[in-house]
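Contents: one structure, followed by commentary.
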């Protein structure tokens, strides 16, 4: 009986901590795995190790060795640099989807069920960017399909839009365990893929829902309360010109704080006006 109570207490603690899915049959020390991966990445390559050993002893009177191969373009273990290079090489949305699905540089992929890229019309003039997939999105492999997604659908319907007229995605293609907030490292690793997605879709208006997406893509430090309702130019080094971007509260926040719907309604009307009439006042 005492053992049963201990197990139930542990499960209750897991539930309160946000653990709602079992990924593996046995526990894994992912911190140890990460440290081991870094250690392996820092070890010199066999050719480099041989060159170091040869340099430490007197050279033998033999023919000179051929030139060593050039150093790799990307430092080993640098997932952010790798993502930049992989994303830049994609010339279509299909290529980008395949590249993200094959990318192993973000640890979130190992705990997620699905890779969630986007949903909607790739030729849309309006693109919506959220934070990360939730539990339901992770199960279905689509963004914004849980309670917050259903509220987003109603928000779009209020200004005469639906998913066939917009494109919806997130900062991260993988769900953080327990729906925790993404880390700065996770955002940095995945942002090149999102920026390339924006470049390929080339929307006229970018709507950033939630403070994490707004601050990351706009490069701002202010919170969402100060950023919402304004218009900003968004661009990347590969883009010609800029896209009009605005921020508003995340639908998940509105479910917790329905009093904020009044501000979001004003934001939606401003988005509708820009959709109809062009440039916004900045």
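The values are calculated or read from the model by the stated rules, or taken from the named source; none is laboratory data. In this text, all values refer to a predicted model and were calculated from it rather than measured experimentally. Using ideal geometry, Cβ is built from the backbone for each residue, glycine included, and neighbour counts are taken over all protein chains shown.
Residue 224 - would you say it is in contact (Cβ under 8 Å) with a residue 60 or more places away in the chain and over 15 Å from residue 172 (Cβ atoms)? When the stated conditions are applied, residue 224 does not pass them.
Within the group 282, 256, which residue is modelled with pLDDT under 95 and either surrounded by fewer than 12 Cβ atoms within 10 Å (Cβ to Cβ) or under 22 Å from the mean Cα position of the chain (by Cα) (or both)?
Working: 256 fails: modelled with pLDDT under 95.
Step by step, each of 282, 256 is checked, and only 282 is modelled with pLDDT under 95 and either surrounded by fewer than 12 Cβ atoms within 10 Å (Cβ to Cβ) or under 22 Å from the mean Cα position of the chain (by Cα) (or both).
Taking the criterion of being part of a helix (DSSP H, G or I) and either crowded, with 17+ Cβ neighbours inside 10 Å or under 10 Å from the mean Cα position of the chain (by Cα) (or both), the residues of the stretch 180-195 that qualify are 186, 187, 188, 189, 190, 191, 192, 193, 194, 195. Residue 265 falls short on exactly one of the conditions (1) farther than 18 Å from residue 149 by Cα; (2) surrounded by 12 or more Cβ atoms within 10 Å (Cβ to Cβ), and that condition is (1).
Against the test of being closer than 29 Å to residue 242 by Cβ and part of a helix (DSSP H, G or I), the options 160, 149 yield a single qualifying residue, 149.
Residues considered: 168, 198. Of these, the only one that is in a helix (DSSP H, G or I) and touching a residue at least 40 places away in the same chain (Cβ under 8 Å) is 198. Screening the stretch 125-143 for residues that are closer than 27 Å to residue 278 by Cβ and over 12 Å from the mean Cα position of the chain (by Cα) and picking the one that is surrounded by the fewest Cβ atoms within 10 Å (Cβ to Cβ) gives 125.
Cβ-Cβ contacts under 7 Å between residues 6 or more apart (or on different chains), taken from a first residue in the stretch 127-156 that is at positive phi and modelled with pLDDT of 95 or more to a second residue that is part of a loop (DSSP other than H, G, I, E, B) and crowded, with 22+ Cβ neighbours inside 10 Å, are listed as 141/116. Against the definition (surrounded by fewer than 19 Cβ atoms within 10 Å (Cβ to Cβ) and over 20 Å from residue 96 (Cβ atoms)), how does residue 212 come out, yes or no? Judged against the criteria, residue 212 is not a match. Pairing each residue of the stretch 72-97 that is on the phi > 0 side of the Ramachandran plot with any residue that is in a loop (DSSP other than H, G, I, E, B) and at pLDDT 80 or above, provided the two are 6+ apart or on different chains, yields C-beta distances under 9 Å for 77/105.
Among the residues of the stretch 125-143, those that are closer than 19 Å to residue 246 by Cα and part of a loop (DSSP other than H, G, I, E, B) comprise 125, 131, 132.
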